[in-house]
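Enquirer: Below is one structure. I have some questions about it.
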Amino acid sequence: MHLRGRRRHGSGDDPAVRRQRGLRANDQSEDRGGQIFGGVVQGLGGVLYEHMLYDDDGNPLASTFVDYLLPTACEVPTIEVGHIESLAANPLGVKGMGEGGAMASPAAVINAVADALAPLGVTISGSPLGPKQILEMVAAASH
């Protein structure tokens, strides 16, 4: 599965991921965005790839990365990060870094899939949203 994103807001210079933050505590690490990128990829993986299946005795059916899929660099779209600075209510004025991507990316993906499938009468009711699940929802809506 390959992810492609399209900008649907503001001008072409607007970042695709915005994060409200407190004071910048470490310019070098935050500008590289590793925490934010990791959060976005974690959110994408939770919706599109990662799904634990168990047998009737509660044993995991996915015991290797052949069976349990994780997004890799090949599947991750380009992530652009923009920062909005606002002080937090603590003595340093700082906030966390990576949570926003992990919380917002699942909702963004689910809404994008819901918008794409709405003309077919598909209603999204859960995740994961891998190819198998999407095909099953389309087939159910066409009956």
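Enquirer: Exactly one condition in (1) modelled with pLDDT under 75; (2) among the hydrophobic types (A, V, I, L, M, F, W, C); (3) loosely packed, with under 10 Cβ neighbours inside 10 Å is not met by Met97; state its number.
Expert: Going through the list (1) modelled with pLDDT under 75; (2) among the hydrophobic types (A, V, I, L, M, F, W, C); (3) loosely packed, with under 10 Cβ neighbours inside 10 Å, Met97 breaks only (3).
Enquirer: Within region 113-125, does at least one residue satisfy the condition of being under 12 Å from the mean Cα position of the chain (by Cα), closer than 27 Å to Phe37 by Cα and not β-branched (Val, Ile, Thr)?
Expert: Within region 113-125, not a single residue is under 12 Å from the mean Cα position of the chain (by Cα), closer than 27 Å to Phe37 by Cα and not β-branched (Val, Ile, Thr).
Enquirer: Report every pair of residues separated by at least 6 positions or lying on different chains whose Cβ atoms are under 7 Å apart, first residue within region 35-63 and surrounded by 16 or more Cβ atoms within 10 Å (Cβ to Cβ), second of a type in the set (Asp, Glu) and not in a loop (DSSP other than H, G, I, E, B).
Expert: As it stands, the answer is Gly39/Glu99, since those pairs meet every condition given.
Enquirer: Within region 109-143, how many residues turn out to be touching a residue at least 60 places away in the same chain (Cβ under 8 Å) and not polar (S, T, N, Q)? Walk me through it before giving the result.
Expert: Of the residues in region 109-143, the ones touching a residue at least 60 places away in the same chain (Cβ under 8 Å) are 109-110, 127-131.
From what is left, the residues that are not polar (S, T, N, Q) are 109-110, 128-131.
Of the residues in region 109-143, 6 are touching a residue at least 60 places away in the same chain (Cβ under 8 Å) and not polar (S, T, N, Q).
Enquirer: While we're looking at this one, here's another question. If Glu136 satisfies every condition in (1) part of a helix (DSSP H, G or I); (2) farther than 21 Å from Leu44 by Cα; (3) not aliphatic (A, V, I, L, M) but one, which is the exception?
Expert: Answer for Glu136: the failing condition is (2).
Enquirer: Anything in region 89-103 that is touching a helix residue (DSSP H, G or I) at 6+ places or on another chain (Cβ under 6 Å) and closer than 23 Å to Tyr68 by Cα? List them, or say none.
Expert: Result: Gly101, Ala102.
Enquirer: Out of Ala102, Ala62, Ala73, report the one residue that is aliphatic (A, V, I, L, M), modelled with pLDDT under 90, part of a loop (DSSP other than H, G, I, E, B) and farther than 25 Å from Val138 by Cβ.
Expert: Testing whether each residue is aliphatic (A, V, I, L, M), modelled with pLDDT under 90, part of a loop (DSSP other than H, G, I, E, B) and farther than 25 Å from Val138 by Cβ leaves just Ala73.
Every residue, every condition in (1) touching a helix residue (DSSP H, G or I) at 6+ places or on another chain (Cβ under 8 Å); (2) at positive phi; (3) loosely packed, with under 12 Cβ neighbours inside 10 Å; (4) not hydrophobic (A, V, I, L, M, F, W, C), yes or no:
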site	(1), (2), (3), (4)
Ser105	yes, no, no, yes
Ser127	yes, no, no, yes
Met137	yes, no, no, no
Ser142	yes, no, yes, yes
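The values are calculated or read from the model by the stated rules, or taken from the named source; none is laboratory data. Please read these numbers as outputs of a predicted model, since none were measured by experiment. Neighbour counts run over all protein chains shown; Cβ positions are idealised from the backbone, glycine included.
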